[in-house]
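**Q** Structure below; questions to follow.
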There are 2 protein chains.
Amino acid sequence: MSDRFLRACRREPVDRTPVWFMRQAGRYMEEYRALRRRYTLLEMCRTPELALEVTLQPVRRFAVDAAILFSDLLLPLAPMGLRVDFVGGEGPSVESPVRTEEDIDRLHAVEPREDLAPVLEAIRLVRAELGGRVPLVGFAGAPFTLASYAIEGGHSSTFAHTKALMYGNPAAWHRLCDKLATVVGGFLAAQAEAGVQALQLFDSWVGALAPADYREFALPHTRRIFEALSSIDVPTIHFGTGTATLLGDMRAAGGDVIGVDWRIPLDQAWARIGDGCGAQGNLDPALLLAPRQRLLDGAADVLRRAAGRPGHIFNLGHGILPATRVEQVAALVEFVHGYRVTGNG
Amino acid sequence: MSDRFLRACRREPVDRTPVWFMRQAGRYMEEYRALRRRYTLLEMCRTPELALEVTLQPVRRFAVDAAILFSDLLLPLAPMGLRVDFVGGEGPSVESPVRTEEDIDRLHAVEPREDLAPVLEAIRLVRAELGGRVPLVGFAGAPFTLASYAIEGGHSSTFAHTKALMYGNPAAWHRLCDKLATVVGGFLAAQAEAGVQALQLFDSWVGALAPADYREFALPHTRRIFEALSSIDVPTIHFGTGTATLLGDMRAAGGDVIGVDWRIPLDQAWARIGDGCGAQGNLDPALLLAPRQRLLDGAADVLRRAAGRPGHIFNLGHGILPATRVEQVAALVEFVHGYRVTGNG
């Protein structure tokens, strides 16, 4: 079994830098596309045998040091009472988005063991099938990012509705995020109970916030989730994009490891995160579309900037792009594993 | 005549902090929507009398310290040989986007005085009509941002095609950006000749780049534009979003004033920009959707962080959002003008 990933989460010495990828199961793999032709994204997430199969696809192909459960950030919104769908390609959409206090008050509490049972069953299947080969990462969305999907009804470039509610009715905003934090905290705990060995909280769009707004509107709810998880013996990763000016606050909110995107060099990011905390990242996913040598030069730069500090997990700054060729992913994993870790053990 | 804006561009003492807004003419104004019901966006940009009318709409409504020519970043792409259109709302689209070396080699040189004559005529009309009341700002897109529209065919969230070309064929990328820099430099010089009193270069999407990639792929072309403009006695503003880690490099590329978005507090941004340079920004446009007091508190915070340094121009961190109420814009202008500038003159 490769325990590099879990050791790095705990900032223990590792023989090689561990590597895995966000969206390592996805449209760039032909075996994934073959399944997607037969099932919708939601069917794949909600059918444990399909989620198992897709979760394992990248583990079969690549020597990655972790599996990540195939699932979607928006799943917990459905049992809260929202109608979630994926229209067109894979873009999420929420019918009748949350806009008013009444919409917020109407959202249900969630009992993950019942309402999200297929996800938990998929976790049990994956753990059994992996047989300890690599650890399994579970995940959920952070309150700000989930709230933005619930309020905008999908992805947004301006977050106008989200911020209008946040600024216009802070009490309602906090009530919504409180509900989301409760659901997400419970869901992550249930995932750990079902067998995931690490948990990643995705605050993917939080980089849309000014730092002061992050502290006022997002941090308290994210912190509550990490506090709730602190009694569970599973390492946690706290991820966002566009967070160059938020990293210190994200660390304060919680997480054993902070996920970093490519917009800030990893050494500078880690300096802002501070000591006593791991860092995950931070190659631009678009470099997987580049010629081999440029890809590996980029990876070497990331590894160099992490050298001398325990707790680095190699990853991209965001998910693998659909246009990526699998040979590039394989070459990147091999390169990271061939890189001599110095001062890291 | 209000000369606050031009004085601030030169970092000279001002009685009040000057204020104007990106997209101060736009869908949030009923008089704009009335015209848009009768004309397409391109018709409005390419008919000097319509561009004049729309440019003046916010100057009539608000006590802004500058007018900005109503135009669009993508206009120069059309005479280069690309088919530009605005489908649906106002989202730009380029038919047959640039993807190959052949596509790049096929792009024409542009003679702004002929190919963009309606824009220059609009400038002359606006100057005559303004009668010196407030200065007129001209603008164009920076090579990276224009290239991304030309390559993606519209707005993108991943810039996958753009970066694939940039990494995959750097020579072709630089040839494309060189062509764009030549066109943009010539266009901006022609705008100055036609009468604009300041020039803003929009590198709106450059925050998608890692800092090292910015230095390799964007900065040289942007610098060439600012160098070409250095012989012209018109102040320049260099704007981008998501640029917290790029501000020092943007300043090195050029511009008398650096535009800053809300993702970094203005004092921290200015420290990264360095001395001897102005700063424009940096209120979150979504704050115009907030209750009055929160809007003004946000504005006061921006003004406080700029206090003691000459060369601050108050603006948003990006364009006014369509859902904005005009009363909010008026109140913000009044508040900025009522704020006592300290240590600034």
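**Q** How about the range B:128-154: which of its residues are charged (D, E, K, R) and assigned to a helix (DSSP H, G or I)? It would help to see each step written out before you state the result.
**A** Kept after step one, since they are charged (D, E, K, R), are these residues of the range B:128-154: B:129, B:133, B:152.
Answer for the range B:128-154, where residues must be charged (D, E, K, R) and assigned to a helix (DSSP H, G or I): B:Glu129, B:Glu152.
**Q** Does A:Gly255 meet the test of being within 12 Å of chain B (Cβ to nearest Cβ), at pLDDT 95 or above and surrounded by 24 or more Cβ atoms within 10 Å (Cβ to Cβ)?
**A** When the stated conditions are applied, A:Gly255 does not pass them.
**Q** Could you check the range B:222-250 and list, in sequence order, the residues that are surrounded by 24 or more Cβ atoms within 10 Å (Cβ to Cβ) and in contact with a Pro (Cβ under 7 Å, 6 or more places away or on another chain)?
**A** Of everything in the range B:222-250, those that are surrounded by 24 or more Cβ atoms within 10 Å (Cβ to Cβ) and in contact with a Pro (Cβ under 7 Å, 6 or more places away or on another chain) turn out to be B:Thr222, B:Leu246.
**Q** Within the range B:154-175, is there a residue that is at pLDDT 95 or above, buried (at least 16 other Cβ atoms within 10 Å of the Cβ), touching a His at 6+ places or on another chain (Cβ under 7 Å) and not hydroxyl-bearing (Ser, Thr, Tyr)?
**A** Within the range B:154-175, none of the residues are at pLDDT 95 or above, buried (at least 16 other Cβ atoms within 10 Å of the Cβ), touching a His at 6+ places or on another chain (Cβ under 7 Å) and not hydroxyl-bearing (Ser, Thr, Tyr).
**Q** Looking for whichever is among the small types (Gly, Ala, Ser) and under 17 Å from B:Leu52 (Cα atoms) here; the options are B:Gly168, B:Gly141, B:Gly131, B:Gly185. Which one fits?
**A** None of the others qualify; the one that does is B:Gly131.
**Q** Would you please name the residue that is surrounded by the most Cβ atoms within 10 Å (Cβ to Cβ), looking only at residues in the range B:282-306 that are within 21 Å of B:Leu6 (Cβ to Cβ) and away from every other protein chain (no Cβ under 11 Å)?
**A** Here is the first cut: in the range B:282-306, the residues within 21 Å of B:Leu6 (Cβ to Cβ) are B:282, B:302-303, B:306.
When the remaining residues are screened for being away from every other protein chain (no Cβ under 11 Å), the result is B:303, B:306.
Numbers: B:Leu303: 22, B:Ala306: 27.
Only one residue tops the list, namely B:Ala306.
**Q** Would you check which residues across the range A:131-142 are buried (at least 19 other Cβ atoms within 10 Å of the Cβ) and more than 16 Å from A:Val94 (Cα to Cα) and list them?
**A** Listed by number, the residues that qualify are A:Val134, A:Pro135, A:Leu136, A:Val137, A:Gly138, A:Phe139, A:Ala140, A:Ala142.
**Q** Out of the range B:176-199, which residues are assigned to a helix (DSSP H, G or I), crowded, with 24+ Cβ neighbours inside 10 Å and of a type in the set (Val, Ile, Thr)?
**A** B:Val183, B:Val184
**Q** Separate question: Out of (1) under 29 Å from B:Glu114 (Cα atoms); (2) under 18 Å from the mean Cα position of the chain (by Cα), what's the single condition that is false for B:Arg37?
**A** Here B:Arg37 clears every test but (2).
**Q** Quick check, is A:Leu209 within 23 Å of A:Pro285 (Cα to Cα), modelled with pLDDT of 95 or more and among the hydrophobic types (A, V, I, L, M, F, W, C)?
**A** For A:Leu209, the condition - within 23 Å of A:Pro285 (Cα to Cα), modelled with pLDDT of 95 or more and among the hydrophobic types (A, V, I, L, M, F, W, C) - is met.
**Q** Let me confirm something: among B:Arg11, B:Arg61, B:Arg7, B:Arg46, which residue is among the basic types (Lys, Arg) and under 21 Å from B:Glu327 (Cα atoms)?
**A** It is B:Arg61.
**Q** Quick check: anything in the range B:6-17 within 22 Å of B:Ala128 (Cβ to Cβ) and among the hydroxyl-bearing types (Ser, Thr, Tyr)?
**A** no
**Q** Within the bounds of the range A:209-221, is there any residue that is assigned to a strand (DSSP E or B) and crowded, with 19+ Cβ neighbours inside 10 Å?
**A** no
**Q** Further, regarding this structure: Spot the failing condition for A:Gly317; the list is (1) crowded, with 24+ Cβ neighbours inside 10 Å; (2) more than 12 Å from chain B (Cβ to nearest Cβ), and only one is missed.
**A** (2)
**Q** Additional query: Search the range A:12-35 for residues being closer than 21 Å to A:Phe139 by Cβ and among the basic types (Lys, Arg), and hand back the single one that is surrounded by the fewest Cβ atoms within 10 Å (Cβ to Cβ).
**A** Here the answer is A:Arg27.
**Q** Name every residue in the range A:235-248 that is in a loop (DSSP other than H, G, I, E, B) and either within 14 Å of chain B (Cβ to nearest Cβ) or over 15 Å from the mean Cα position of the chain (by Cα) (or both), in order of residue number.
**A** Result: A:Thr241, A:Gly242, A:Thr243, A:Ala244, A:Thr245, A:Leu246.
**Q** Name the single residue, out of those in the range A:40-69 being over 30 Å from A:Asp3 (Cβ atoms) and under 19 Å from the mean Cα position of the chain (by Cα), that is surrounded by the most Cβ atoms within 10 Å (Cβ to Cβ).
**A** Once the filter is applied, the top-ranked residue is A:Arg46.
**Q** Another question, if that's okay. Output the number of residues of the range A:264-281 satisfying the condition of being touching a Leu at 6+ places or on another chain (Cβ under 8 Å), more than 14 Å from every other protein chain (Cβ to nearest Cβ) and buried (at least 24 other Cβ atoms within 10 Å of the Cβ).
**A** Residues in the range A:264-281 being touching a Leu at 6+ places or on another chain (Cβ under 8 Å), more than 14 Å from every other protein chain (Cβ to nearest Cβ) and buried (at least 24 other Cβ atoms within 10 Å of the Cβ): 1 in total.
**Q** I've got another one for you. Which of the residues that make up the range B:247-257 are more than 19 Å from B:Ala210 (Cβ to Cβ) and free of Cβ contacts under 8 Å to residues at least 60 places away in the same chain?
**A** If the condition is that a residue be more than 19 Å from B:Ala210 (Cβ to Cβ) and free of Cβ contacts under 8 Å to residues at least 60 places away in the same chain, then B:Gly254, B:Gly255 are the ones that fit.
**Q** Continuing with the same structure: So B:Ile273 fits all but one of (1) within 15 Å of B:Arg11 (Cα to Cα); (2) out of contact with any Lys or Arg (no Cβ under 9 Å at 6 or more places or on another chain); what number is the exception?
**A** Of (1) within 15 Å of B:Arg11 (Cα to Cα); (2) out of contact with any Lys or Arg (no Cβ under 9 Å at 6 or more places or on another chain), only one is false for B:Ile273: (2).
**Q** Tell me which of these A:Ala212 doesn't satisfy, since it passes every other one: (1) away from chain B (no Cβ under 11 Å); (2) over 19 Å from A:Ile258 (Cβ atoms).
**A** So the condition that A:Ala212 fails would be (1).
**Q** Does A:Pro310 meet the test of being more than 22 Å from B:Ser157 (Cβ to Cβ) and within 11 Å of another protein chain (Cβ to nearest Cβ)?
**A** Taking the combined requirement at face value, the residue does not satisfy it.
**Q** Another question, if that's okay. Out of the range B:70-122, which residues are acidic (Asp, Glu), in a loop (DSSP other than H, G, I, E, B) and surrounded by 15 or more Cβ atoms within 10 Å (Cβ to Cβ)?
**A** First, pick out the residues of the range B:70-122 that are acidic (Asp, Glu): B:72, B:85, B:90, B:95, B:101-103, B:105, B:111, B:114-115, B:121.
The next check asks that each one be in a loop (DSSP other than H, G, I, E, B); those that pass are B:72, B:90, B:111.
Of everything in the range B:70-122, just one residue is acidic (Asp, Glu), in a loop (DSSP other than H, G, I, E, B) and surrounded by 15 or more Cβ atoms within 10 Å (Cβ to Cβ), namely B:Asp72.
**Q** Residues being over 20 Å from B:Arg16 (Cβ atoms) and in contact with a Phe, Trp or Tyr (Cβ under 8 Å, 6 or more places away or on another chain): count how many of those fall in the range B:53-66.
**A** Count: 3.
**Q** If I go through the range B:122-171 residue by residue, how many of them are among the β-branched types (Val, Ile, Thr), at the interface with another protein chain (Cβ under 10 Å from one of its Cβ atoms) and out of contact with any Phe, Trp or Tyr (no Cβ under 9 Å at 6 or more places or on another chain)?
**A** Number of matching residues: 1.
The values are calculated or read from the model by the stated rules, or taken from the named source; none is laboratory data. All values reported here derive from a predicted model rather than from experimental measurement. Don't worry about glycine lacking a Cβ; one is built from the backbone with ideal geometry, like all the others, and counts go over all protein chains shown.
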